[in-house]
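Chemist: The structure's right below; bear with me while I get my questions together.
The values are calculated or read from the model by the stated rules, or taken from the named source; none is laboratory data. The structure displayed is predicted, hence computed values, not measured ones. Using ideal geometry, Cβ is built from the backbone for each residue, glycine included, and neighbour counts are taken over all protein chains shown. Ligands, DNA and RNA are excluded from the accessible area calculation, which covers all protein heavy atoms including side chains. Shrake-Rupley method; radii C 1.70, N 1.55, O 1.52, S 1.80 Å.
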Amino acid sequence: MSRARAAAVGLLLAAGAGCEPSRQPPVEPVEAGASPNARILPAPLASETPDLLDASTTEPSTKLVSDDYGRLVMSEAGQQSPLPLPPATPLPEDTLSPRELAGVTLEAAFRWRDVPQPPKTPEVAVEGLQAAQAVTGLTWRIELAEAGRMRVQFTSRALPLPSGAELRARHDVHGEVLLWPGLTQYRVLPPGALRTLLGERRVDVTPLSSGSARPVGEGKRLDVDVRKVEVHASLGTLHLELGKVPEAGEGGPLLCRALLEILGVDPKSPECVAGEVPLHASYAWQGGGGVGFDVTSVARRTDLVSTDMLMPPPSAAFAAAGLPAAQGGVFLSRDELAAFRTGPLPLPASVDPGAPGEGFVAVNQTDELLYLLVDGIPAVAVPPMSERYVSGPQRGTYVVQWRTFLGESVEPPQTVEMPARLVRSAAEEEEAANGG
């Protein structure tokens, strides 16, 4: 056993005994992308998010070990195959040497369906809406290293996790690591946790199945040859277009695994192969609704920085629970929301005694994390059984819509006059579930 491997084994054993690597606990970060708007009722999102749940605290039967190149491998007694990451255990130190890696960089975005348009009235300010859309697009920046690493950067204000947070993965384990903005803390995400992380802002494992897949043709996307696959699982159906991008190497399957996890499909799926990258994904849920995911650009690289792929980076302390703070979930400032209209309308005062003097109160009486769109722009995410006050919209007529991030629940749009108190009730949720 080499000296470097022996040191890695020692670190792992210390972690298995409950000792964290010798990193100092960080100061709680102030995440990027938080709204300067947030006057919140009744308390910040971080204190109202439901208790974070881990589906399993059982350690794997075989220990994780890093080799001389920083790759996680199983001990000599185990099988040479990817292991699921243990959520309750700090990871061994990653030891990639500083160097440049070949791979690709992708720009990508989630796409909501049935997004309503603003009303066709003279006071609608197109430029203000376009500016808000530019900062709330549901965007990811993804780096895939040929050697089998993935780094996902959250680059939007309106994602369930704040701008500056990251996901990292590697080909020799199943699961991901979530990094706080500023890389101060990390949390291990076991396989199956991505669906609840993105859809509900909590860590709970969705049961995984092997699913079933069938080819549905070939084509081109972004001038790349793609094979089209339809994957079926108990939660719904996923249409994938997998592009031939040899430069992605072992990094390509990591994005494929992540997208399958959201469907509840085991990351060991044979559909995820080296040299292919998902360029399009379209989910259709069993109970209705769906969401899309599109890669908008692919850049071949020979200069990816290996230390940007460390899992975890040396600056990050292990967090057994918690998520990066969302600071209220209001995505736009008062001025940005006011810019949706050229000026106020002379409307009569609201007859609703719960309506504020300006703007709106968004009330979520369901057990889901819900987004409220204003004129098709995500304005606020409201946790279950909570409400948020949002200031800024000028007096006038707007189109609003409630929805979940992954699109399992999408309410019909409503035209409302603001100021207003906008309520999504549990009774409405039950009626929709029953097909009412």
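Chemist: Under a 1.4 Å probe, what is the accessible area of the range 83-134 per residue, stated in Å²?
Modeler: 51
Chemist: Right, here's the next one. Could you look at the range 166-325 and say what percent of its accessible area is carbon and sulfur, using a 1.4 Å probe and all protein chains?
Modeler: 52
Chemist: Also, I was wondering about something else. Check SER209: other-chain or 5+ apart residues with amide H under 5 Å from its amide H, H built from backbone geometry?
Modeler: Result for SER209 returns VAL265, ASP266.
Chemist: What is the mean projected area of the alpha carbon convex hull for the range 285-436, to one decimal in square nanometres?
Modeler: Over all viewing directions, the range 285-436 projects a mean Cα-hull area of 13.8 nm².
Chemist: Same structure again: At 7 Å along the Cα-to-beta-carbon direction for both HIS232 and THR121, put a label point, then send me their distance in nm to one decimal.
Modeler: Placing both labels 7 Å beyond Cα along the Cβ direction yields 4.8 nm.
Chemist: Next question, about the same structure. From the alpha carbon gyration tensor of the range 240-361, can you work out the equivalent ellipsoid semi-axes (sqrt of 5 times each eigenvalue) and give them in Å, largest to smallest?
Modeler: 42, 21, 18
Chemist: So, in nm, how far is label ALA349 from label GLN286 when the simple model puts each one 7 Å beyond its Cα toward the Cβ?
Modeler: Placing both labels 7 Å beyond Cα along the Cβ direction yields 5.2 nm.
Chemist: From the C-alpha gyration tensor of the range 113-246, pull out the three semi-axes of the equivalent ellipsoid (sqrt of 5λ each), sorted largest to smallest, in whole Å.
Modeler: 29, 23, 17
Chemist: Using alpha carbon centroids, what distance separates the range 241-307 and the range 135-151, in Å?
Modeler: Using only Cα atoms, the two centres lie 10 Å from each other.
Chemist: Name the residues whose placed amide hydrogens come within less than 5 Å of the amide hydrogen of HIS280, ignoring near sequence neighbours (fewer than 5 apart) on the same chain.
Modeler: GLU241, VAL295
Chemist: Still on this structure: Multiply the residue separation of ALA131 and ASP114 by 0.36 nm, subtract the distance between their alpha-carbon atoms, and state the gained length in nm to one decimal.
Modeler: Gain in length upon complete extension: 4.1 nm.
Chemist: Taking only protein heavy atoms and a 1.4 Å probe, what accessible area per residue, in Å², does the range 249-405 have with all protein chains in place?
Modeler: Here the residues of the range 249-405 average 31 Å² of exposed surface.
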